[in-house]
1. Given all pairs of different Cα atoms, what value in angstroms does the Kirkwood hydrodynamic radius of the stretch 375-499 take?
2. Which values, in whole Å and largest first, are the semi-axes of the equivalent ellipsoid of the stretch 488-558 obtained as the square root of 5 times each eigenvalue of the Cα gyration tensor?
3. Check each of the chymotrypsin sites (Phe, Trp or Tyr not before Pro) in the stretch 291-348 and keep only those in coil by DSSP with at most 13 other C-beta atoms within 10 angstrom; list them in order.
4. Please work out the Cα center distance from the stretch 267-322 to the stretch 493-529, rounded to the nearest Å.
5. Neighbouring Cβ atoms within 10 Å as the yardstick, rank SER368, SER162 fewest first.
6. To check my understanding: the extent here is largest minus smallest coordinate of the Cα atoms along each principal axis. What are those three numbers for the stretch 2-77, in Å, largest first?
7. With the Cα gyration tensor of the stretch 444-570 in hand, convert its eigenvalues to equivalent ellipsoid semi-axes via √(5λ) and list them largest first in whole Å.
8. Check each of the trypsin sites (Lys or Arg not before Pro) in the stretch 229-269 and keep only those in coil by DSSP with at most 11 other C-beta atoms within 10 angstrom; list them in order.
Amino acid sequence: MAFIVKKKINGGEYYYLRESRRENGKIRAITLAYLGKTKKEAEKKTRDFLKNREKIKNEEIIKEKMVEEKKQEIKVDEKLEAEKKIKINIDELTNFCKREGFIFRSSDIYGGFSGFWDYGPLGIELFNNIKKEWWNYFVHQKENMVGIDASIISHPRTWQASGHIANFNDVAVVCKKCKQATKIDKTEVGKVKCECGGEYDVKGEFNLMFKTRVGAIDSADAYLRGETAQGMFMDFRLVQQTSRKQLPFGIAQIGKCFRNEIAPRDFLFRSREFHIGEFEFFINPEEKKCSLLEEKHLGLRIKILDAETQIEGRTELRETTVGNMLKENKLEEWHAYWLAEQVLWFNSLGLTEIKIREHMKSELSHYSSATFDLDYEYSFGSREIAGIANRGQYDLTQHTKESGEKMEIFDEKYKNKLIPKVIEPTFGIERVFLAVLTKAYNFDEKRQNVILKIPTKLAPVKAAVFPIIKGEEYEKISEEIVRDLRKEWNIAYDKSGSLGRRYARNDEIGTPMCITVDEDSLKDKSVTIRWRDNAEQVKVKIDNLREIIRSVINGEDLFKFGKRVNTRKKD
Ligand SMILES: [Zn+2]
């Protein structure tokens, strides 16, 4: 608070404006301004001074605010930039996969063959682990699910019945401006333009089924399957009878599919030969209630792009729960249950950024009454990684018509004979593979190398064993450990080169644990395990290794199994 003081100096009167301030716990008065020689003048100058000071203060606050906001803006920009930088782009990922032995171009020595890829030594391990996780989660852990593996080529009438010969078409187009060939949906003809803004030149409709010939004499046209679903529909009654399943139950399958894509693109994302993991879940149409819905399904938070939003030409996502989607009548209970289960499975692989896109009526497949895409944010955009369709009774009814066989079963609960309706969750396994790698890829500035942070259960190599002292006795212990661990897992053994180089190589391919054998291994039968993500180490007994590794693969923290050790000097 400012106040006026009068001072007498050499007989004259002088006015000053002073103010008390608290400094270091003491109150001190300081002079703010000289106010002149009369009281009247002093009062006027005080008013002016305080008004001016208020103005300056406000300006300073505004200025500070602007600087702060600018800082925040930069922070957000930097964050977005950083996220973009972290996300490896698709060409870099293609090169990385080739360099490390995950994925090669098919027929590389002939310049490759568009739309076909080979799994390399590490790729096949990761791929098998993803399939294993899928099978475990959706088949073994579920009460009413069994698996099959149907043939890739089936009776040609299969595809007549399913509608694939009549309807499984894309329209091939070439951009008049940039000359890029691509495919569009039949419903998009005349409505869409190329990304470059150019008009499309329509080249015609092409069926996506791969045709082949079966047999030498009286050979017949047949098709490589375009989806795994039909095998499960055709075997539906045999599976039900042999496994003695009652409705509702499901049949699951993971296998190769073939589509003669007009324009394969984005590495593994759109290829001509790929794996689908899907299941057909059969329900009595009268069974409206899903007995398996729990709070973890109903309360599951998701981001959804509604059909209505898309019809209005907008793309913003809405946050909601699976329970709310049910209340809004977007889907039925069994459909909601499996949608939630799909998202929960992705979450269990660390893929937590799944977005749901509701299909508009105009884009529903010929067999479906409601479909949702599950999208993942890849480096080339948000794209479909999985889907879930309500196929109703379409397929079983079609096969009844085509084959003349009754595809009905007897439902013990409702005491009636019926054709079940079907909910079909589908996963593009290569797309899951791509998402796992995109998410895992990390360039560590401090360690100056790539650290592939793949979840332990999916890692191609679970552990690497290194003797770090030269000598036969150390190699012998290391080899015994390797032999023992290999009974359960894929284990690497590397006895040469600098330790730093051996660590870096394993970080790069996502090996979560590196086990080092040193003098203590001889003395007290212990080894150290180094954790990939933080390069910290823990000392454990050799006898406990298998149990510890098993626990860590099941999601437990490595550092609860032993003493953290500082072995920096050994690095
Ligand atoms: Zn173009």
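Each value in this text was obtained by applying a stated rule to the coordinates, not by laboratory testing. Predicted, not measured: the structure shown is a model, and the values here were computed from it. Because the Cβ atoms are built from the backbone with ideal geometry, glycine has one as well, and the counts that use them run over all protein chains shown.
1. Working: mean 1/r = 0.0492 Å⁻¹.
The answer is 20.3 Å.
2. Gyration-tensor ellipsoid for the stretch 488-558: 18, 17, 11 Å.
3. Working: sites: TRP334, TYR337, TRP338, TRP345, PHE346; in loops: none.
The qualifying sites: there are none.
4. Rounded to whole Å, the Cα centres lie 44 Å apart.
5. Numbers: SER368 18, SER162 25.
By the 10 Å Cβ count, ascending, the order reads SER368, SER162.
6. 65, 30, 15
7. Details: eigenvalues 79, 58, 41 Å².
For the stretch 444-570, the semi-axes come out at 20, 17, 14 Å.
8. Working: sites: ARG237, ARG244, LYS245, LYS256, ARG259, ARG265; in loops: ARG244, LYS245, ARG259.
Qualifying residues, ordered by number: ARG244.
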